[in-house]
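Step one of this worksheet: look at the structure below.
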Amino acid sequence: MNTERLDFLREMINTPSPSGYEERIQTVFHKRVETSVNRFFKDVHGNACGILNPESAFRVMLAGHCDEIGLMVNYITEQGFIHFRSIGGIDAQLTPGQRVIIHAARGPVLGVIGKRPIHLIEEKERLKVVKIEEQWIDIGGCDRQEVMRLVSVGDPITFAAGFEPLNGTRVVGRGFDDRAGTFVVAEALLSINRAALRCAVYGVSTVQEEIGLRGAKTSAFAIDPHLGIAIDVTFASDCPDVDKRKVGEIALGKGPVLGRGPNINRRLFERMIQVAEKHGIPYQVQAEPRATGTDANAIQVNKGGVVTALVGIPNRYMHTPSEVVDLEDLDNTINLLARILESIDGQEDWTP
């Protein structure tokens, strides 16, 4: 991955974007694509979209959701401890002891999630998961009044973890689910050969996927695409204790993952395979036997129905503060999407 692209990825991962609070990351997305697209807009829901070749009658929508899971200030005790609720799917086993950042009106506030220490827990209770409501955030305040001068009920919270390189082409960060997808959308817009493009491309950084695919629903309704491709992370099974019998055989570094099943148009899936093989792009296939929990689900059933595909980026340790992906998978996903878009002339019969 080249330096400019890597710097953009680092900025994406280090920018907080819990569901409903995506303004900052949409600014990063806008800055990256604004000089390379014909039009750019942001809607009242918060979705951001860069458009190429808008005069074409055949509309293709790329969607990667920019929101991440997080927490929210819920209640402040008289002693100054902060109780919180989850934004999206938070694993309560992982939260105790984590350092967090509360994104308050006056600026970021560092805190730590506390619970009773193991020494004070009865042996029979040690195997139980401590419920979210039984944990709290300590920002070092002495009482409620002091804490409320710094934070307010409803302030979003993210884990205090950022982008770091691992060995080789592997990297770790908070929220690759799915800022990696938004990153791919932006870079695909930059990578398309404009001279070869015969369709209109709407590259959308969607919001609020983690709480119900909400941004994809509203943006797909507004754009009314003929064809849509969602880009999201998917479970890698090349690490201990992930059952390939349930997940399939998905590995980091072996290319983008093409979903196959009822949420994916068969003819578009076949086109993606053809393009990948023509250009020597590695790929993997994952079975998706029902409606997926991704933006592809919302796009496919928009209005009278949309020709839809799902492209996954292998991801280890999803919904933790330390998700791991491979940079080569990101590069190959960008390349595949750009070449697919160049192959579409708008005259295809996508009817299965």
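The values are calculated or read from the model by the stated rules, or taken from the named source; none is laboratory data. Note that the structure is a prediction, hence the values are computed from the model and not measured. In this analysis, Cβ positions are derived from the backbone assuming ideal geometry, glycine residues included, and neighbour counts consider all displayed protein chains. With ligands, DNA and RNA removed, areas are computed over all heavy atoms of the protein, side chains included. Shrake-Rupley method; radii C 1.70, N 1.55, O 1.52, S 1.80 Å.
Over 32 Å between C-alpha atoms is what I'm after, so list which of LYS42/LYS254; LYS128/LYS246; LYS31/LYS115; LYS131/LYS244; LYS246/LYS278; LYS131/LYS246 land there.
On the way: LYS42/LYS254 34 Å; LYS128/LYS246 26 Å; LYS31/LYS115 41 Å; LYS131/LYS244 29 Å; LYS246/LYS278 30 Å; LYS131/LYS246 27 Å.
The pairs that break the limit, which is 32 Å between Cα atoms, are LYS42/LYS254; LYS31/LYS115.
Among THR77, LEU62, ASN38, pick out the residue whose Cα is farthest towards the positive end of the charge dipole of the stretch 35-85, where Lys and Arg carry +1 and Asp and Glu carry -1 on C-beta, about the Cα centre.
Towards the positive end, the residue furthest out is ASN38.
Report the antiparallel proportion of the DSSP beta bridges in the chain as a percent, rounded to a multiple of 5. Could you put the intermediate results ahead of the total?
Working: 39 of 64 bridges.
Bridges in the chain that DSSP calls antiparallel: roughly 60 percent.
Give me the number: length gained by fully extending GLN93 to ALA105, i.e. 0.36 nm times residue separation minus the C-alpha to C-alpha distance, one decimal in nm.
Numbers: separation 12, 0.36 × 12 = 4.32 nm, distance 2.92 nm.
Taking GLN93 through ALA105 to full extension adds about 1.4 nm, to one decimal.
Around ASP326, under 12 Å between beta carbons, what's the net of Lys plus Arg minus Asp minus Glu among the other residues?
On the way: positive: ARG170, LYS254, ARG316; negative: ASP238, GLU323, GLU328, ASP329, ASP331.
Net local charge, ASP326 excluded: -2.
Compute the distance from the alpha-carbon center of the stretch 220-248 to that of the stretch 178-207, in whole Å.
Comparing the Cα centres of the stretch 220-248 and the stretch 178-207, I get a distance of 17 Å.
Find out how many positive minus negative residues lie around ILE113, taking Lys and Arg as positive, Asp and Glu as negative, among other residues whose Cβ is under 14 Å from that of ILE113. Intermediate values should be presented prior to the final figure.
Values: positive: ARG85, ARG99, LYS115, ARG116, LYS131; negative: ASP91, GLU133, GLU134, ASP138.
Net of charged neighbours comes to +1.
What is the list of residues in the stretch 153-188 whose amide nitrogen lies under 19 Å from a point 7 angstrom out from the Cα of ALA251, following Cα to Cβ?
Residues 167-171 fall inside that zone.
Show log10 I(q)/I(0) for the stretch 155-280 at q = 0.09, 0.10, 0.13 Å⁻¹, two decimals, from a solvent-free Debye sum over equal Cα scatterers.
-0.34, -0.43, -0.74
Per residue, how much accessible surface does the chain expose to a 1.4 Å probe? Answer in Å², no decimals. Mind dumping the intermediate values first?
Values: 15980 Å² over 352 residues.
Heavy-atom accessible area per residue stands at 45 Å².
How big is the stretch 100-205 on each of its three principal axes, counting only the C-alpha atoms and giving the largest first in Å?
Between the extreme Cα coordinates on each principal axis of the stretch 100-205 lie 67, 37, 24 Å.
Quick one: which of 162-171, 203-212, 17-26, 233-242 comes out on top by average Cβ neighbours within 10 Å, and what's the full order, highest first? Before the final figure, lay out the partial values.
On the way: 162-171: 13.8, 203-212: 26.8, 17-26: 21.6, 233-242: 16.2.
Ranking the peptides 162-171, 203-212, 17-26, 233-242 by packing returns 203-212, 17-26, 233-242, 162-171.
Express the relative contact order of the stretch 78-176 as a whole percentage, based on alpha carbon pairs under 8 Å and six or more residues apart in sequence.
Numbers: 140 pairs, mean separation 35.8, N = 99.
RCO, the stretch 78-176: 36 percent.
Compute the distance in nm between two label points, each set 7 Å from the Cα along the Cα-to-Cβ direction, one at ARG24 and one at PHE40.
Output for this residue pair reads 1.9 nm.
Using only alpha carbon positions, build the gyration tensor of the stretch 82-154, then give the equivalent ellipsoid semi-axes as the square roots of 5 times its eigenvalues, largest first, whole angstrom.
Details: eigenvalues 125, 41, 18 Å².
Semi-axes from the Cα gyration tensor: 25, 14, 9 Å.
Could you work out the relative contact order of the chain? I mean the mean sequence separation of Cα pairs under 8 Å and 6+ apart, divided by the number of residues, in percent.
Details: 822 pairs, mean separation 79.6, N = 352.
It comes to 23 percent, rounded to a whole number.
Could you pull out which residues in the stretch 165-209 have an amide N less than 20 Å from a spot 7 Å beyond the Cα of TYR317, following the Cα-Cβ vector?
165-181
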